[in-house]
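See structure below.
The values are calculated or read from the model by the stated rules, or taken from the named source; none is laboratory data. It should be emphasised that the depicted structure is a prediction, and the values quoted were computed from it without experimental measurement. All Cβ positions, glycine included, derive from the backbone under ideal geometry; neighbour counts span all protein chains shown.
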Amino acid sequence: MRIIFMGTPQFSVGTLESLIAAGHEVAAVVTQPDKPKGRGKEIQFSQVKEAALRHKIPIYQPVKVREPEFIEILKNINPDVIVVVAFGQILSKTILEMPRYGCINVHASLLPKFRGAAPIQWAVIEGEKESGVTTMRMDAGIDTGDMLLKTVVPITEQETGGSLHDKLMMAGAKLCVETLKRLEENTVVFEKQDDSLSNYAKMLDKSLGNIDWNNSAVNIERLIRGLNPWPSAYSKLNHKTLKIWKATVIAEEADGAAGEIVAVANDSINVKTGDGLLAITELQLEGKKRMPAKEFLRGVQLEIGIKLGENKD
């Protein structure tokens, strides 16, 4: 097929590479404009742009894909299909109806569950036992189009947002190639979504990682895994931000307030929550590197009774 590919982050790259490897003609790549990043404000390309440059594919970076001038550019490319993977802009009705096979989206959840911007992380945070990828024919709604194919990916007990991202990226790449094959063969079945089964996976921001120690140890541990590596779960320790990278649940209670350190073991820091104890096993204090709790405790003296989340004068 002659394809226009629309995508921006690393998650999109796996599908782009698979489409090229499968012999499809990727006539153009559309990605978000370059943005300054970091203290030096150096211009950074999207991961999809970097991949397109490697393959010498024409690149377009419109501020708004809905502008009439850009729509004309798309029409002149004359694609059979537009493949969209985590692009970051809403497509107009004109674009959706332009290609022969429509606009096909690779979405990182088992639709209709977890529509929205962050389905990977929310699946972990919500304690799901499985996730997956759905390909769908896009319509005017947000992730509401007819479903084409699905593939299921189990979520392990140690799964993080980062590890699940990588699994779903590869699963989605394979599924997209199979979807286009079925579209060409006219063997794919279009399935409408049941809106009553949908959940909205809202966009992540740093404030989401601020741990509420009144929550249960189970829910906090899921939050830690879901927000690893970004934006990360954190609390405060004596005026400094304490990122928590790994923890385990201890199904027992202890005296003290939520957020209080109730025990310091050789390789963990045990904190009381609203329900159960959380054993922190990997962490990072502001200005320091990420490290196991065992190493952290060699350099930091923690007293029983210190309460995380509060500033100590």
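Return yes or no: is residue 53 among the aliphatic types (A, V, I, L, M), in contact with a Phe, Trp or Tyr (Cβ under 9 Å, 6 or more places away or on another chain), surrounded by fewer than 15 Cβ atoms within 10 Å (Cβ to Cβ) and modelled with pLDDT of 95 or more? Taking the combined requirement at face value, the residue satisfies it.
Within the stretch 270-287, residues that are basic (Lys, Arg) reach partners that are assigned to a strand (DSSP E or B) with beta carbons closer than 9 Å, at six or more positions or on different chains, in the pairs 272/260; 272/261; 272/262; 272/278. For the residues 294, 307, the requirement of being of a type outside the set (S, T, N, Q), modelled with pLDDT of 95 or more and not assigned by TED's automatic domain parsing to the domain that holds residue 235 singles out 307. Within the stretch 260-285, being over 16 Å from residue 218 (Cβ atoms) and in a loop (DSSP other than H, G, I, E, B) holds for 265, 266, 267, 268. In the stretch 33-42, is there at least one residue being crowded, with 16+ Cβ neighbours inside 10 Å, in the same structural domain as residue 134 (by TED's automatic domain parsing) and touching a helix residue (DSSP H, G or I) at 6+ places or on another chain (Cβ under 9 Å)? Looking for residues that are crowded, with 16+ Cβ neighbours inside 10 Å, in the same structural domain as residue 134 (by TED's automatic domain parsing) and touching a helix residue (DSSP H, G or I) at 6+ places or on another chain (Cβ under 9 Å), one finds none in the stretch 33-42, hence no.
Of the residues making up the stretch 229-257, those that are at pLDDT 95 or above, surrounded by fewer than 15 Cβ atoms within 10 Å (Cβ to Cβ) and farther than 18 Å from residue 288 by Cβ are 230, 257. For the stretch 124-183, a tally of residues being out of contact with any Gly (no Cβ under 6 Å at 6 or more places or on another chain), of a type in the set (Gly, Ala, Ser) and assigned to a helix (DSSP H, G or I) returns 4. Highlighted here are the helices (runs of 4 or more DSSP H) found entirely within the stretch 1-93 that include at least 1 residues which are hydroxyl-bearing (Ser, Thr, Tyr): 10-21.
Among the residues of the stretch 270-312, the ones that are over 18 Å from residue 255 (Cα atoms), out of contact with any Ser or Thr (no Cβ under 9 Å at 6 or more places or on another chain) and crowded, with 19+ Cβ neighbours inside 10 Å come to 3 in all.
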